[in-house]
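Engineer: Let me begin by handing over the structure; questions about it come next.
None of the figures in this text is laboratory data; all of them are computed from the coordinates on show. Small disclaimer: the values here were computed from a predicted structure and weren't measured. Please note: Cβ atoms are built from the backbone with ideal geometry, for glycine as well, and neighbour counts cover all protein chains shown.
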Amino acid sequence: MLNRKDLLGLIDATEAEITEILDLAQTFKNRLRTGEKKMTHLQGKTVTILFYENSTRTRTSFEEAAKYLGATVVNIEASTSSVAKGETLVDTGKTLDAQKNDFIIMRHPMGGAPYLLAKTVKAGVLNAGDGINEHPTQALLDMLTMREYFGTLKGLKVAILGDIKHSRVAKSNLFGLKTMGAEVRMYAPETLIPKGIDQLGAKLCKSREEALDGADVVMGLRIQLERQQAGNFPSLGEYAANYGVDEKALSYAKPNAIILHPGPVNRGVELTSGVIDHERSRIEDQVLSGVAVRMAVLALLNEGR
Ligand code: CP
């Protein structure tokens, strides 16, 4: 049971909470592998999915998770709802509360938007990504994928390469992995490293080799061109050559290192096709972890209500 109304970030998640989520998610993942998709944890509950930004993985996996647990699921497209007529987030939240929604899953381009919604509504709010702030369930699914492969997160060396400045995934992973006892290394052009991230516990590396040396996990992050007003590096080709991961760069990591990417991937930029499709790539496994983790978070928040 999670003793909180909402899941807005991992910045304040405890080791006990993360462990409880991952343990239940592993149970759900094992069941999904056998084809079991009919459970009753959320029977009689309504889950609304409110996305103000595009998504493939997060939206579909939350919808699948809620449906597999027996909930009624409502999808709201911001572009075709009254948001497009100027309705505020708070008023949209009040409407969803009046309809007796139990959970609202929200993605929003502005960091902090789910915190505002959570303060306004009685429903539990799950942050499905807010601007460049946090994406807690993505980090949880990344941790589930790592923990299933290595048996533990404690002591793992996780190298994160890519657009860290604009990445909510990097921040949630940093908070979660540090809490669970892993080492988090980061490498990117200086223009894509947010100021102060080392104060939060990230080990900033001076070269790709230093970041990957002896790493257990190699995580590429998407270059988010849509969030960049000005070029932060000369060209995608130069980024790939100097900061991307190809098979030579991968060889600096441990021989059993796994490859992760939250998706969507810019093939040939963050990772080469050879690395994406490598036998140690767990990118597809991350997607299954995503459904299982979202089931676990919904089930545990519901128990706490
Ligand atoms: N990883 C992730 O958030 O993917 P989507 O944008 O497709 O949901």
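Engineer: May I ask which residue of 136, 120, 161 lies farthest towards the positive end of the charge dipole of region 116-168, with charges of +1 (Lys, Arg) and -1 (Asp, Glu) on Cβ and the Cα centre as origin?
Structural biologist: The residue sitting farthest along the positive end of the dipole is 120.
Engineer: What number of lysine-lysine pairs in region 136-283 show an alpha-carbon separation below 17 angstrom, given a sequence spacing of 8 or more or placement on distinct chains?
Structural biologist: Lysine pairs meeting both conditions in region 136-283 amount to 16.
Engineer: Moving on to the next point. Mind computing the radius of gyration and Dmax over the alpha-carbon atoms of the chain? Å is fine for both.
Structural biologist: For the chain, the Cα radius of gyration and maximum Cα-Cα distance read 18.9, 56 Å.
Engineer: Here's a follow-up. Along each principal axis of its Cα atoms, how long is region 136-283 end to end? Whole angstroms, biggest number first, please.
Structural biologist: 41, 33, 26
Engineer: Which of the lysines could a cross-linker bridge to residue 45, judged by Cα under 23 Å and excluding same-chain residues fewer than eight apart?
Structural biologist: 5, 29, 37, 67, 94, 100, 119, 122
Engineer: Roughly how many whole Å is it from the C-alpha centroid of region 5-36 to that of region 173-207?
Structural biologist: A separation of 23 Å, based on Cα centres.
Engineer: For the chain, give me the percentage of DSSP beta bridges that are antiparallel, rounded to the nearest 5 percent.
Structural biologist: Numbers: 1 of 36 bridges.
So the antiparallel bridges in the chain amount to around 5 percent.
Engineer: Right, another one. When the dipole is taken about the Cα centre of region 136-283, and only Lys, Arg (+1) and Asp, Glu (-1) are charged at their Cβ, what size is it in debye, to the nearest 20?
Structural biologist: Numbers: 19 positive and 17 negative charges, 91 e Å.
Using only the charged Cβ atoms, the result is roughly 440 debye.
Engineer: Using DSSP, restrict attention to beta bridges with both residues in region 136-283 and report what percent are antiparallel, rounded to the nearest 5.
Structural biologist: On the way: 0 of 18 bridges.
Here the share of antiparallel DSSP bridges comes out near 0 percent.
Engineer: Using +1 on the beta carbon of Lys and Arg, -1 on that of Asp and Glu, and nothing else charged, what's the dipole of the chain about the Cα centre, debye to 20?
Structural biologist: Details: 38 positive and 37 negative charges, 115 e Å.
Using Cβ point charges on Lys, Arg, Asp and Glu, the chain gives about 560 debye.
Engineer: For the chain, what is the calculated [θ] at 222 nm in deg cm²/dmol (nearest 500), taking -39500 (n - 2.57) for each run of four or more DSSP H residues and dividing by its residue count? Walk me through the numbers on the way to the answer.
Structural biologist: Working: 11 runs with 119 residues, N = 305.
Helix-only estimate at 222 nm: -12000 deg cm²/dmol.
Engineer: Work out the length of the dipole vector of region 225-276 about its Cα centre, built from +1 on the beta-carbon of each Lys and Arg and -1 on the beta-carbon of each Asp and Glu, and round it to the nearest 20 debye. The partial results should precede the final answer.
Structural biologist: Working: 4 positive and 5 negative charges, 25 e Å.
Computed charge dipole of region 225-276: roughly 120 debye.
Engineer: On C-alpha positions alone, give me the angle between the axis of helix 57-68 and the longest principal axis of the chain, in degrees, nearest 10.
Structural biologist: Helix 57-68 sits at roughly 40 degrees to that axis.
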